[in-house]
Amino acid sequence: MSDKKVRVRFAPSPTGPLHIGGVRTALYNYLFAKKHGGDFILRIEDTDSQRFVEGAEQYIVDSFEWLGIKFDEGSHIGGGAAPYRQSERKYIYKKYVDHLITSKLAYYAFDTPEQLDAKRAEVQNFQYDASTRSMMNNSLVLSKQEVEELIAAGKQYVVRFKIEANEVIVVNDLIRGEVKINSSVLDDKVLYKSSDQLPTYHLANIVDDHLMEISHVIRGEEWLPSAPLHVLLYRALGWEASMPQFAHLPLLLKPDGKGKLSKRDGDRLGFPVFPLAWKEATGEVFAGYKEAGYFPEALINFLALLGWNPGTEQEIFSMEELVASFSIERCSKSGAKFDFEKGKWFNHQYLQTKTNEALAELFMPILKEKNIDSSLEKTSQILGLVKERVNFVAELWEQTSFFFIAPSSYDEKTVKKRWKEDSASQLSELIAILESEENFSAQATESAVKTWIESKQYHLGNLMNAFRLALVGEAKGPHIFDIAQIIGKQECVARINKAIATLK
Ligand code: GLU
């Protein structure tokens with residue numbers, strides 16, 4: 001690597017919520033910057049006013065805050081290269097456009113949309129380029145005076161980049177190696193529009209990367225086709241020597257079949273593709289990872305491994321560990337299947353590492369919603385028994401409701417299978433054993449009950465199943481004596497009595 005300070009940027013266009021692929025791009029930029037002691041910048045590319053969406057920038061900022069991805073400079077925090085919102089940098093770009101025109105590397109084009117449509121209808125696969133530009137209405141064809149008159153008269157124009165035909169352009173990509181293309185496939189890209197006096201994405205992106213001293217451009221594969229044009233622009237502007245290094249990340253693919261992961265796939269297959277929930281102007285709501293109950297650390301860990309691998313078997317990485325292990329060289333060229341089941345697995349792993357108290361804190365609001373009053377201590381104890389069974393905090397209710405609410409009915413199938421002829425009489429005897437148990441700890445109760453069963457030669461399995469049915473209402477839950485201890489002697493007895501009365 002060169003000795004230039006590492007400075008990378010995430011440069012979203014605020015056209016809607018941030019897709020999960022964009023989150024991964026930002027994450028890789030962040031990891032790369034931190035690994036090399038560099039800066040990470042948030043730049044908002046909002047020069048396309050047609051596609052601007054209210055609230056999208058705030059959504060982006062909120063998403064990264066939730067994820068724990070921190071910027072060193074950006075539209076939301078300022079910094080030495082401010083402003084970071086392209087709409088606020090309008091005044092910067094025009095001089096570069098003018099420079100390209102005076103050095104004859106760009107030209108004015110006055111073709112109206114109608115004229116362009118007519119050309120497209122006339123010429124098959126029409127492309128505005130070296131082979132066609134002489135047939136068009138532009139400053140390469142018109143006289144200097146004509147051009148000046150048109151501009152003075154307020155005629156709308158665009159500025160197009162003049163790309164020479166048949167030149168091999170080489171893009172050195174850190175992930176893909178040398179990518180070569182022939183310049184003839186490129187069209188004379190629009191760099192600037194007089195109608196809104198704004199540069200297009202391509203020009204603003206290059207100018208800002210240069211002015212912000214960006215050292216590496218790490219972005220999604222969908223931008224690879226623009227890279228040759230960007231190389232030509234750097235050259236035209238005389239900045240080739242300080243051009244950033246490119247790295248184009250692999251696509252995120254649909255979990256089933258081929259193709260790029262889309263925002264519809266999430267709804268279709270039942271998983272979020274956005275970090276936070278997002279409401280469209282139409283009222284349509286897209287789910288977010290946060291609202292779905294993911295821990296940000298789990299999502300980060302999941303995304304980190306979608307397109308990068310550490311070269312070892314290790315799967316669980318804290319952010320610090322990711323920073324230490326990350327390298328662009330270990331990013332893959334081929335697309336990464338978006339295996340959302342693996343995402344759940346990561347959440348499961350992170351949930352297990354939380355203390356019972358921490359989980360209880362997260363679970364208490366759910367209990368409160370259900371009007372259940374339980375102490376933090378008791379809740380922690382309960383969660384310690386069941387947390388292995390869940391991937392998400394919200395799933396804890398399903399696993400624990402019977403600790404808080406006595407069964408009001410008994411699962412029919414279980415009754416059929418587990419409730420025997422002598423269950424009622426045996427459970428009546430069990431009540432007496434439980435009542436005589438002074439120390440109601442799980443251990444003490446278990447040993448007393450088992451001694452009694454042995455002395456009576458009762459069937460251990462049948463009895464335990466009936467006992468569980470009485471306490472839980474179905475054939476699920478952790479160790480039955482743990483349940484008994486937590487709900488307490490009185491409640492146990494009441495539940496057994498109720499089961500006997502109901503099931504006979
Ligand atoms: N504004 C572009 C986007 O929305 C930036 C692409 C790039 O990183 O150059 O992704």
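Readers should treat all values here as calculations from the given coordinates under stated rules, not as data from a laboratory. What you see is a predicted model; the values in this text were computed from it and never measured. Here the Cβ positions follow ideal geometry from the backbone for every residue, glycine too, while neighbour counts run over all protein chains shown.
By the gyration tensor of its Cα atoms, with a ≥ b ≥ c the square roots of the eigenvalues, what is the shape of the stretch 254-300: rounded for a/c under 1.5, prolate for a/b over b/c, or oblate?
On the way: a/c = 2.31, a/b = 1.07, b/c = 2.16.
Oblate, since a/c reaches 1.5 and b/c is not below a/b.
In the neighborhood of SER380, defined by Cβ-to-Cβ distances under 12 Å, what is the net charge if each Lys or Arg adds +1 and each Asp or Glu adds -1?
Counting the neighbours of SER380, the net charge comes to 0.
Set the Förster distance to 60 Å, then compute FRET efficiency between LEU269 and ALA82 from the Cβ-Cβ distance, nearest 0.05.
0.90
Could you work out the relative contact order of the stretch 70-206? I mean the mean sequence separation of Cα pairs under 8 Å and 6+ apart, divided by the number of residues, in percent.
24 percent
Which residues' amide hydrogens lie under 5 Å from the amide hydrogen of LEU253, considering only partners 5 or more residues apart or on another chain, with H built in the peptide plane?
LEU261, ALA336, LYS337, PHE338
Quick one: Karplus J couplings for the stretch 402-418, per residue in order, coefficients 6.51, -1.76, 1.60, θ = phi - 60°, nearest Hz, x for Gly and Pro?
5, 5, 9, 10, 5, x, 9, 8, 10, 4, 4, 4, 5, 4, 4, 7, 10
Take the Cβ-Cβ distance between GLU398 and ASN125 as r, set R0 to 60 Å, and report the resulting FRET efficiency rounded to the nearest 0.05.
0.55
Under 19 Å from the 7 Å Cα→Cβ point of ASP98, by amide nitrogen: which residues of the stretch 219-241?
237-238
How big is the antiparallel share of DSSP beta bridges in the chain, given as a percent to the nearest 5?
Percent antiparallel among DSSP bridges in the chain is about 55.
If I take R0 = 45 Å and measure r between the Cβ atoms of ALA494 and THR282 in this structure, what FRET efficiency does the formula 1/(1 + (r/R0)^6) give, to the nearest 0.05?
After rounding to 0.05, the efficiency reads 0.30.
Expressed in nm to one decimal, what extension gain is obtained for the pair ALA406 and LYS504 from 0.36 nm per residue of sequence separation less their Cα-Cα distance?
Details: separation 98, 0.36 × 98 = 35.28 nm, distance 1.78 nm.
Once the chain is fully extended between ALA406 and LYS504, it gains 33.5 nm.
Taking a ≥ b ≥ c as the square roots of the eigenvalues of the Cα gyration tensor of the stretch 240-369, is the shape rounded (a/c under 1.5), prolate (a/b larger than b/c) or oblate?
Here the stretch 240-369 falls in the oblate category.
Counting only residues 5 or more places away or on other chains, whose amide H sits under 5 Å from the amide H of TYR128 once H atoms are built in the peptide plane?
ASP188
Please list, in order along the stretch 64-69, the HN-Hα scalar couplings obtained from phi with the Karplus expression 6.51 cos²θ - 1.76 cosθ + 1.60 (θ = phi - 60°), rounded to whole Hz, x for Gly and Pro.
Result, ordered by residue: 5, 5, 4, 6, x, 9 Hz.
In nm, to one decimal, how far is the LEU116 label point from the LYS417 one, both placed 7 Å along Cα→Cβ?
Inter-label distance under the simple model: 6.7 nm.
Relative to the longest principal axis of the C-alpha atoms of the chain, give the angle of the C-alpha long axis of helix 489-503, reported between 0 and 90° and rounded to the nearest 10°.
80 degrees
In the stretch 277-298, which residues have a backbone nitrogen under 20 Å from the label point lying 7 Å from GLU320's Cα in the Cα-to-Cβ direction?
296-298
Please work out how much length the chain gains when fully extended from ARG389 to LYS155, using 0.36 nm per residue of separation minus the C-alpha to C-alpha distance, in nm with one decimal.
Value of the extension gain: 77.4 nm.
Expressed as a rounded percentage, what relative contact order does the chain have, with Cα pairs under 8 Å and six or more residues apart?
11 percent
Any idea how far apart TYR458 and GLU369 come out in nm if each label point goes 7 Å out from Cα toward Cβ?
4.0 nm
If contacts are Cα pairs under 8 angstrom and at least 6 residues apart, what is the relative contact order of the stretch 26-87 in percent?
Value for the stretch 26-87: 43 percent.
HN-Hα J couplings of the stretch 240-249 from phi, Karplus 6.51/-1.76/1.60, θ = phi - 60°, integer Hz, Gly and Pro as x?
So the Karplus estimates, Gly and Pro as x, are 4, 4, 10, 4, x, 8, 9, 8, 9, 6 Hz.
Is the stretch 1-150 best put as rounded, prolate or oblate by its Cα gyration tensor, with a ≥ b ≥ c the root eigenvalues, rounded for a/c under 1.5, and otherwise prolate when a/b is larger than b/c, oblate when not?
Since a/c reaches 1.5 and a/b is larger than b/c, the shape of the stretch 1-150 is classed as prolate.
Starting from the amide H of LYS162, placed 1.01 Å from N in the peptide plane, find each other amide H under 5 Å away whose residue is 5 or more places distant or on another chain.
ALA106, TYR107
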